[in-house]
Amino acid sequence: GRQRSEILALMQNRLDDQRYQHCLRVEKTARELAKRFGQDVDRAGLAGLLHDYAKQIPNNTYIDVIKRNGFDLDLLNYNRGVWHGLVGTWFIKQEVGVTDHLVIQAIERHTTGDPDMSTLDQIIFVADFIEPARELPIEAKARVAAQTNMREATLIELENTLQYLIGQRKVVYPKTLLTYNAFIQIKE
Ligand code: DGI
Ligand code: FE
Ligand code: FE
Ligand code: FE
C-alpha cells in the first residue's frame with residue numbers, strides 16, 4: 001500500500017484546506033470509535049481519512065464516470081451530495097489504489113448509509129457527524145450516544161439528515177430513506 005504521506009499529498013491535490021482538515025478530524029474520531037467498539041483501528045482510520053476524497057470533484061467528471069463505468073444511470077437524477085459517497089470510491093480506487101473492500105464499502109455508505117451497515121460502516125457514518133468541529137446540539141447529542149451505542153448515534157444522524165433534506169425541499173435518495181426505516185424498525 002501507499003505511505004500515509006503519499007495519501008495526504010493526493011488528498012491535498014483534490015481538496016481545499018478546510019475539507020482536508022475535516023478528513024483528518026474524521027480519521028481521528030473514527031480511530032477512537034473503532035477502539036471503543038472493538039473494530040479494526042487502522043481500517044477505520046483509513047476510511048475516515050479518505051471518506052470525502054471525492055467531495056470536490058466537478059459535476060461533469062462525475063457524470064462521465066457514471067455513464068462510462070457501469071453505474072446505475074438513476075444516479076444522474078441526484079447530485080454531488082449523493083455521488084461523493086456512492087461514486088466517489090471509484091476515484092479512491094483509481095487514484096489512491098485502495099483495495100480493501102471494507103474500507104471502500106464504509107466510504108461508499110458514508111452519506112446515504114445502507115440498511116445493512118456494519119459497525120465499521122456506522123463508525124465512519126457517525127464520525128463524519130461528530131468530529132470535534134461539529135458543534136450543533138444535534139451533533140453533541142449523537143456524540144453522547146456514540147459513547148455507548150452506535151446504532152442510536154446512527155439513527156440520530158439519519159433523523160437529522162432526513163429532516164434537513166425535507167426542510168430544504170431537497171430530493172431524498174431512496175437508500176437514505178430505506179436506511180432510516182431499517183434503523184428505526186430494528187431495535188437491538
Ligand atoms: O460530506 P460531508 O458534508 O462531510 O457529510 P456527508 O457525506 O454526510 O454529506 C452530507 C450532505 O449530503 C448533506 O448536505 C446532505 C446530503 N445528503 C445526504 N443524503 C442525501 C443528501 N442529499 C440528497 N440530495 N439526498 C440524500 O438522500
Ligand atoms: Fe461526505
Ligand atoms: Fe454523514
Ligand atoms: Fe465528511
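Would you check if residue 126 is surrounded by fewer than 16 Cβ atoms within 10 Å (Cβ to Cβ), β-branched (Val, Ile, Thr) and either free of Cβ contacts under 8 Å to residues at least 40 places away in the same chain or in contact with a Ser or Thr (Cβ under 8 Å, 6 or more places away or on another chain) (or both)?
Judged against the criteria, residue 126 is not a match.
Kindly check whether there is at least one residue in segment 56-72 that is in a helix (DSSP H, G or I), closer than 24 Å to residue 135 by Cβ, touching a His at 6+ places or on another chain (Cβ under 9 Å) and at pLDDT 95 or above. Steps first, please.
From segment 56-72, those in a helix (DSSP H, G or I) are 59-68; that's our starting set.
If we keep only those that are closer than 24 Å to residue 135 by Cβ too, we end up with none.
No, segment 56-72 contains no residue that is in a helix (DSSP H, G or I), closer than 24 Å to residue 135 by Cβ, touching a His at 6+ places or on another chain (Cβ under 9 Å) and at pLDDT 95 or above.
Among what's in segment 124-139 and is away from ligand 2 (no atom under 15 Å from the Cβ) and in a helix (DSSP H, G or I), pick the residue that is farthest from the chain's Cα centre (by Cα).
To start, the set of residues in segment 124-139 that are away from ligand 2 (no atom under 15 Å from the Cβ) comprises 132, 135-138.
Restricting the remaining residues to those that are in a helix (DSSP H, G or I) gives 137-138.
Numbers: 137: 21, 138: 18 Å.
The selected residue is 137.
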Quiz item: So which residues in segment 129-154 are surrounded by fewer than 20 Cβ atoms within 10 Å (Cβ to Cβ) and among the aliphatic types (A, V, I, L, M)?
Solution: 133, 136, 138, 140, 144, 145
Quiz item: Taking segment 96-118, which residues are surrounded by fewer than 15 Cβ atoms within 10 Å (Cβ to Cβ) and not in a loop (DSSP other than H, G, I, E, B)?
Solution: 101
Self-check item: Among (1) of a type in the set (A, V, I, L, M, F, W, C); (2) within 12 Å of ligand 1 (Cβ to nearest atom); (3) out of contact with any Gly (no Cβ under 9 Å at 6 or more places or on another chain) - the single one residue 63 does not satisfy
Solution: (2)
Practice problem: Filter segment 168-188 down to residues that are farther than 24 Å from residue 74 by Cβ and either in a helix (DSSP H, G or I) or charged (D, E, K, R) (or both), then give me how many there are. | Solution: 4
Self-check item: Yes/no for residue 121 being touching a Lys or Arg at 6+ places or on another chain (Cβ under 6 Å), surrounded by 12 or more Cβ atoms within 10 Å (Cβ to Cβ) and either outside any loop (DSSP other than H, G, I, E, B) or at pLDDT below 95 (or both)
Solution: yes
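Can residue 89 be described as at negative phi and surrounded by fewer than 22 Cβ atoms within 10 Å (Cβ to Cβ)? Explain how you work it out, then say what you get.
Values: at negative phi: yes; surrounded by fewer than 22 Cβ atoms within 10 Å (Cβ to Cβ): no.
When the stated conditions are applied, residue 89 does not pass them.
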Quiz prompt | Test set (1) touching a helix residue (DSSP H, G or I) at 6+ places or on another chain (Cβ under 9 Å); (2) within 12 Å of ligand 4 (Cβ to nearest atom) - residue 18 fails condition number | solution = (1)
Quiz prompt | Residue satisfying all of: in segment 1-40; away from ligand 2 (no atom under 16 Å from the Cβ) and of a type in the set (S, T, N, Q); nearest to residue 127 (Cα to Cα) among these | solution = 39
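The values are calculated or read from the model by the stated rules, or taken from the named source; none is laboratory data. Just so it is clear, the structure is predicted and the values come from calculations on it, not from any experiment. Glycine gets a Cβ as well: all are built from the backbone with ideal geometry, and neighbour counts include every protein chain shown.
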